[in-house]
Amino acid sequence: MVGGEDADRFRVALDRAGEALGRGTLWHINSTAEGGGVAELLRANLGYLAGNGVRVRWAIFEADPGFFQITKRIHNRLHGDEGDGGELGAHERQQYGEAARRNAEQLAALVRPGDVAVVHDPQPAGLVAGLTEAGVHVVWTCHVGIDTPNDVTRSAWRFLLPFVEHASAYVFTRGSYVWDVLDHRKVVLIPPCIDPLALKNVELLDSQREAIIAITGLATARTDETPSFQGLDGTVREVARRADILEAMPVPAGAPIVTQVSRWDRLKDPVGVLRGFAEVRDLGDVHLILAGPSPSSVADDPEAEAVLSELREAWAKQSAPVRERVHIANLPTADVDENAIIVNALQRRADVVVQKSLAEGFGLTVTEAMWKRRPLVASAVGGILEQIENGVHGLLVDPSDLSAFGSAVRDLLSDPGRAAALGQAAHERVRDRFLPPDYLSANLEVVVAVADGELSSP
């Protein structure tokens, strides 16, 4: 799937990382094992390292709901949004630091001097100092940001800076996300990737896709096939769980579908997607599916239930003809593999995939749809601008312009030839820039640099 140069770079990076780590371990630390882009990124990629001889472990930062309320506030502010409007003062700093201390105590028995730890995003950032004191080389990775920081953004920087400033390196996904207050000599830019061999992205037969969509209740069956798929261990499995769907009627067999798959997050703007779709009066029998994980399955996102409630209320206020064509689905998450294959089938079934985020660090769901050759309508914000060139790999719109959003969706639905061309170009874009060899090579090169002291401050 990748070119020879990319494969060669990965092999060289593996060899150099093995030498730099010696008997040491490469740690990755984030705040949830399931749900959200970072968890998916790690689940998809760490096996390539372990399978190629790198000693790698994945640790999950654990805390109470009060802590995650604070980190959700930080997350929103890093996007320039005040979120719940709460404080980031001395009390929050103490609570944040206490959670970091408890996790650091547990890690102290596991890490060893000379290990390298990649700490992902604000939630576990408080571990940087303790790990550094234990002789671990720490890379702090920030997957989120905003192109034009404002005072709200800088308030999050001020809160986090004392916790992250002593990291050996900082990784950001986009140059405009880099904080002014950091030592830029330690900054590396690495966009995320998707794994084309993961269940969320593997090729599916049309009959598989249709059967899976039908058994979950997301659309009326166009086949009587069994909803089976091959698991990563080679065994044949069947999708058994239904999605929890709010709808007036099922999606008819063969009806065109527009889909957005994302966590229930205000910055993903599911309510805006619904309203933009509702404004388009000449879509015929096109249906919109807004899909995401059950709020209870994402431990580090305390606002998910409220966002989902707002979306349901907005749906209830629509006219009957709109409600009949809009479907809100909580996808089953009890089985990670089953959830992944359902998302895969839903994206492949979609005639148009949308991602109308108000802010986006880097849209993995965008890259997934691009790999599947789906025509895309997405917001011209943040990391999406790195992924899609407007009119070449998809259509970009101002996320605040609901009319433009609706018109772009209508244009792709009415011009299948153009939609197919955009989808093919999008697929090639992912092949060239967003597959594991590039991502893993770049990260391993950072591991080597920090282990050798090349990125630490003088």
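The values are calculated or read from the model by the stated rules, or taken from the named source; none is laboratory data. For clarity, every value in this text was computed on a predicted model and none was experimentally measured. We place every Cβ from the backbone using ideal geometry, glycine too, and count neighbours over all the protein chains shown. Protein only, heavy atoms only, side chains kept; ligands, DNA and RNA dropped before computing areas. Shrake-Rupley method; radii C 1.70, N 1.55, O 1.52, S 1.80 Å.
So the values come out like this:
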read-out: Distance between modelled label sites at Glu62 and Ala255, nm, 7 Å Cα→Cβ extension; value: 4.4 nm
read-out: Protection proxy ranking of 246-253, 320-327 - average other beta-carbon atoms within 10 Å, highest first; value: 320-327, 246-253
read-out: Kirkwood Rh in Å, taken over the stretch 102-226 so that all alpha-carbon pairs contribute; value: 17.7 Å
read-out: Those lysines that a straight Cα-Cα span of less than 17 Å connects to Lys200, excepting residues fewer than 8 apart in one chain; value: Lys372
read-out: Residues whose placed amide H lies under 5 Å from that of Val188, excluding near-sequence neighbours; value: Tyr170, Val171, Phe172
read-out: Extension gain (nm, one decimal) between Glu310 and Leu246, 0.36 nm per residue minus Cα-Cα; value: 21.7 nm
read-out: Cβ-based net charge around Gly453, under 14 Å, with every Lys or Arg adding one and every Asp or Glu removing one; value: 0
read-out: Cα coordinate range in the stretch 308-447, projected on the principal axes (Å, largest first); value: 55, 38, 26
read-out: Gain on full stretching of the segment that runs from Arg158 to Arg281 - 0.36 nm per residue minus C-alpha separation; value: 39.6 nm
read-out: Extent along principal axes [Cα atoms of the stretch 160-264; Å; largest to smallest]; value: 59, 37, 22
read-out: Label point 7 Å beyond Cα of Thr132 along Cβ direction - residues of the stretch 145-186 with amide nitrogen under 13 Å; value: 161-170, 182-183, 186
read-out: Heavy atoms of Leu110: accessible area, 1.4 Å probe, square angstrom to 10; value: 80 Å²
read-out: Which of Ile341, Ile215 is most accessible, then next, and so on - probe 1.4 Å; value: Ile215, Ile341
read-out: Bins of 5 Å, starting at 0 and running to the largest distance - Cα pair percent for the stretch 186-331; value: 2, 9, 16, 18, 18, 16, 12, 6, 2, 1, 0, 0
read-out: For the stretch 209-249, the spread of Cα positions along each principal axis, largest first, Å; value: 38, 20, 11
read-out: For the chain, with +1 on Lys and Arg beta carbons and -1 on Asp and Glu, the positive-most of Val119, Ala240, Asn76 along the dipole; value: Ala240
read-out: Spatially proximal lysines relative to Lys72 (Cα-Cα < 21 Å; intrachain offsets below 8 disregarded); value: Lys268, Lys356
read-out: Under 12 Å, Cβ to Cβ, from Asp411 - net charge with Lys/Arg +1 and Asp/Glu -1; value: 0
read-out: Percent carbon-and-sulfur accessible area, the stretch 290-423, ignoring ligands, DNA and RNA, probe 1.4 Å; value: 49 percent
read-out: For the stretch 413-458, alpha-carbon Rg relative to the globular expectation (2.2 N^0.38 Å, N residues); value: 1.99
read-out: Helix-derived mean residue ellipticity, 222 nm - over the chain, DSSP H n ≥ 4, -39500 (n - 2.57), to 500; value: -13500 deg cm²/dmol
read-out: FRET E, pair Glu324, Asp15, Förster distance 56 Å, beta-carbon r, rounded to 0.05; value: 0.45
read-out: Neighbour net charge for Thr25 - beta-carbon separation under 14 angstrom, K R +1, D E -1; value: +3
read-out: Inter-part distance where the stretch 40-101 and the stretch 327-384 are each reduced to a Cα centre, Å; value: 23 Å
read-out: Cross-link reach list, aspartates and glutamates versus Lys317, counting only Cα pairs under 18 Å and skipping chain neighbours closer than eight places; value: Glu247, Asp269, Glu279
read-out: Spin-label proximity, Val181 to the stretch 143-162 - amide N less than 15 Å from point 7 Å beyond Cα toward beta carbon; value: 149-162
read-out: Rough spin-label spacing in nm, given labels placed 7 Å along Cα→Cβ, for His91 and Glu454; value: 4.7 nm
